[in-house]
């Protein structure tokens with residue numbers, strides 16, 4: 001009778017490591033569980049399940065991807081690798097996608113694998129390219145309803161950046177009305193104009209002429225008109241201090257100060273473009289990286305909601321990848337997670353430990369959205385790499401009854417456990433060895449060409465941008 005080592009071990013085995021500490025025995029660190037029998041045969045390849053000598057492909061169907069994909073794991077365990085594996089397959093399949101990368105390394109790894117025939121689809125957004133800045137205007141909306149949504153989202157972004165204690169109710173009221181005032185002007189306005197709006201009376205009068213909304217008009221005609229000089233003196237420097245950092249920073253001013261964005265996010269989604277956002281904290285700075293990422297997520301959400309006006313059959317699938325996603329989402333993440341599926345947006349998010357999402361939203365006196373509940377309550381597919389003891393306790397509830405917290409603490413690097421969405425139903429948890437993306441070399445020459453083509457196509461010459469923004473800020477002497 002010939003038996004494999006696993007079969008032999010199931011009939012007769014040595015006591016485990018607690019009782020037998022013989023150093024020459026190679027003990028298994030964590031439990032290996034089989035894949036479910038109904039594993040899909042189509043869709044993107046995530047990795048392989050090896051159980052008792054049998055190797056099985058783990059695939060994720062397109063429809064199940066619309067229920068979102070969540071990855072957690074300590075640094076260096078393989079989170080970026082699994083995202084890279086998925087992105088490469090989307091690129092080959094001709095799909096539209098957006099990658100928000102706070103380190104820059106993921107995008108550098110992706111660029112060489114973009115097929116050459118998709119060169120015109122590539123938009124490479126690199127804020128540190130000071131010579132040809134790409135515009136990214138937060139204050140854009142076609143209809144008045146969209147403009148009101150944008151103003152609310154812009155306010156949520158500021159609360160996320162400065163927190164509610166600093167960016168209080170009075171500042172919020174000023175800011176919201178200021179945003180709506182700037183968007184009322186047919187020529188458009190940018191967030192960098194907010195400070196001038198409250199410090200330059202002539203500029204405010206000029207913008208007031210275009211206001212059609214009676215509530216916003218009343219704010220200027222009654223509330224601001226009756227605000228005493230002392231209150232203005234107290235409020236305005238405080239207000240300026242919040243936005244001054246984006247106006248004085250040349251890099252940020254030339255990006256968020258342009259009245260028109262370099263590209264249309266709705267067009268990006270519908271025409272299956274490849275949007276690569278290199279928000280490397282090392283070159284951009286942490287708060288700048290955060291603000292740009294928040295604007296991009298808000299823009300994608302607005303573009304997603306605009307799809308309501310077109311037929312379901314005309315909505316192109318779009319895949320959004322966010323590494324360290326807790327930095328780039330506001331309370332609106334709940335609506336993205338729950339509604340995006342209808343509008344064919346798939347969210348693929350990764351981060352390192354649960355405290356990053358537990359300390360936000362619902363944690364502040366019950367206000368806002370509990371980010372952790374929003375994610376765990378809506379995500380279809382979960383992948384867990386090695387985590388710390390505290391996180392293992394929480395994640396073990398998601399991976400029960402197959403894996404314990406000890407299994408999750410002891411997972412080998414570049415291996416994971418997961419719960420897969422199969423025909424909208426969550427599977428029984430199982431172990432997986434994700435595909436290693438670093439075994440194939442890409443086309444480095446093409447990667448550089450994509451960058452240059454994108455900056456020439458979507459960027460604008462710094463000299464023109466400087467002149468235009470400084471004129472609007474009233475700092476050019478003209």
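The values are calculated or read from the model by the stated rules, or taken from the named source; none is laboratory data. Keep in mind that this is a model prediction, so the values were computed, not measured. Please note: Cβ atoms are built from the backbone with ideal geometry, for glycine as well, and neighbour counts cover all protein chains shown.
Name every residue in the range 129-158 that is farther than 16 Å from residue 288 by Cβ and outside any helix (DSSP H, G or I), in order of residue number.
131, 132, 139, 140, 141, 142, 143
Of the residues that make up the range 456-471, is at least one surrounded by 14 or more Cβ atoms within 10 Å (Cβ to Cβ) and assigned to a strand (DSSP E or B)?
Within the range 456-471, none of the residues are surrounded by 14 or more Cβ atoms within 10 Å (Cβ to Cβ) and assigned to a strand (DSSP E or B).
Which residue is surrounded by the most Cβ atoms within 10 Å (Cβ to Cβ), if the candidates are limited to the range 186-208 and must be free of Cβ contacts under 8 Å to residues at least 60 places away in the same chain and under 16 Å from residue 172 (Cα atoms)?
Per the stated criteria, the residue is 194.
Show the residue pairs meeting these rules: Cβ distance below 6 Å; 6+ apart or different chains; first residue within the range 78-104 and assigned by TED's automatic domain parsing to the domain that holds residue 283; second residue surrounded by fewer than 21 Cβ atoms within 10 Å (Cβ to Cβ) and assigned to a helix (DSSP H, G or I).
Close Cβ pairs (under 6 Å, with a partner that is surrounded by fewer than 21 Cβ atoms within 10 Å (Cβ to Cβ) and assigned to a helix (DSSP H, G or I)) amount to 81/437; 84/109; 84/437; 85/437; 88/113; 102/281.
Give the residue, chosen from 182, 111, 161, that is surrounded by fewer than 21 Cβ atoms within 10 Å (Cβ to Cβ) and part of a helix (DSSP H, G or I).
Every option except 161 fails the conditions.
Could you please let me know if residue 187 is closer than 29 Å to residue 460 by Cβ and in a loop (DSSP other than H, G, I, E, B)? Full working, then the answer.
Values: closer than 29 Å to residue 460 by Cβ: yes; in a loop (DSSP other than H, G, I, E, B): yes.
It is true that residue 187 is closer than 29 Å to residue 460 by Cβ and in a loop (DSSP other than H, G, I, E, B).
Filter the range 300-326 down to residues that are surrounded by fewer than 20 Cβ atoms within 10 Å (Cβ to Cβ) and either in a loop (DSSP other than H, G, I, E, B) or under 12 Å from the mean Cα position of the chain (by Cα) (or both), then give me how many there are.
5
Go through (1) in contact (Cβ under 8 Å) with a residue 60 or more places away in the chain; (2) outside the structural domain of residue 298 (by TED's automatic domain parsing); (3) closer than 22 Å to residue 137 by Cβ one by one and return the number of the condition residue 245 breaks.
Evaluating residue 245 over (1) in contact (Cβ under 8 Å) with a residue 60 or more places away in the chain; (2) outside the structural domain of residue 298 (by TED's automatic domain parsing); (3) closer than 22 Å to residue 137 by Cβ leaves (1) as the failure.
Please verify whether residue 402 is under 26 Å from the mean Cα position of the chain (by Cα) and touching a residue at least 60 places away in the same chain (Cβ under 8 Å), treating the condition exactly as stated.
Working: under 26 Å from the mean Cα position of the chain (by Cα): no; touching a residue at least 60 places away in the same chain (Cβ under 8 Å): yes.
No; evaluated as a whole, the condition is false for this residue.
Specify the residue that is surrounded by the most Cβ atoms within 10 Å (Cβ to Cβ); the eligible residues are those in the range 387-424 that are in contact with a strand residue (DSSP E or B) (Cβ under 8 Å, 6 or more places away or on another chain) and assigned to a loop (DSSP other than H, G, I, E, B).
420
Report yes if residue 329 is crowded, with 19+ Cβ neighbours inside 10 Å, at pLDDT below 90 and part of a loop (DSSP other than H, G, I, E, B), otherwise no.
In short, yes.
Residues that are in contact with a helix residue (DSSP H, G or I) (Cβ under 7 Å, 6 or more places away or on another chain) and under 20 Å from residue 151 (Cα atoms): which helices (runs of 4 or more DSSP H) entirely in the range 206-290 hold 2 or more of them?
Here the list reads 229-248, 250-256, 265-270.
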